[in-house]
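The values are calculated or read from the model by the stated rules, or taken from the named source; none is laboratory data. As the structure is a computational prediction, the values presented were derived from the model and not from experiment. As a convention, Cβ positions derive from the backbone with ideal geometry for all residues, glycine included, and neighbour counts pool all protein chains shown. Just the protein is used for accessible areas: all its heavy atoms, side chains included, with ligands, DNA and RNA removed. Shrake-Rupley method; radii C 1.70, N 1.55, O 1.52, S 1.80 Å.
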Amino acid sequence: MLISFIATTWLLAMLPGVGQALMLRQTLMHGPRAAIATILGTSTGLLLWAAAAGAGLSAAVLANPALYRLLIAAGGTFLAYVGLRTVWAAFGARVETRDEEAADPASRKSAYVAGLATNLGNPKAGVFAVSLLPTFHTAAAGVFWPTLMLGVVWSAVTASWYLLFVALVARGRGLVTRPATQRALGCVSGVVLIGVGGAVAVGL
């Protein structure tokens, strides 16, 4: 059962989506350290989803149309905001790699919050937590702790994939350090985030 769960979460993490677009953006624009902080935020979000599912809160939110729409709208708006900032930075006076900024605690905090907010605003994570997490444990009494433990595994597996993804992107980062190339990548990743955020916000 655990092996099946790990395989499922690994495949889900590998699917192209908001998380990978955000990791790509963070790695190319701010460096691997900022991306790692974003991964930590994403992992925290997964743990919170799992805890909410174990406590029955996720099901309550997903069953309430108003709260569900509010969650989707907030998540989509945040993604669009990140995309707009990315495009704005791409058209700025100077585009450069900023590994030294990623070492700053404030920058790491912003990267962490970006990962956390993006994950909490992703309804797919909530649906997975509510619909699939309970099917991977057979606790006769009490579901909170078994669900939370699965959430820890889910978080670790997802973080492992993102770390591998960031490492691969970082290896090729030296090839895209030219300002023109970074502007193009910034525009593309920013437009993708804006599009995804808009689609999420309107419920597509």
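For this structure, a couple of remarks:
- Where residue 185 falls short, out of the listed (1) modelled with pLDDT under 75; (2) more than 21 Å from residue 18 (Cβ to Cβ); (3) open to solvent by 40 Å² or more (accessible area, probe 1.4 Å): (2)
- Test for residue 151: is it more than 18 Å from residue 34 (Cβ to Cβ), over 14 Å from the mean Cα position of the chain (by Cα), at pLDDT 70 or above and open to solvent by less than 20 Å² (accessible area, probe 1.4 Å): yes
- Taken over the range 21-36, the residue count meeting the criterion of being open to solvent by less than 10 Å² (accessible area, probe 1.4 Å) and assigned to a helix (DSSP H, G or I) is 6.
- Test: residue in the range 43-53 that is within 17 Å of residue 192 (Cα to Cα) and either under 15 Å from the mean Cα position of the chain (by Cα) or at pLDDT below 85 (or both): no
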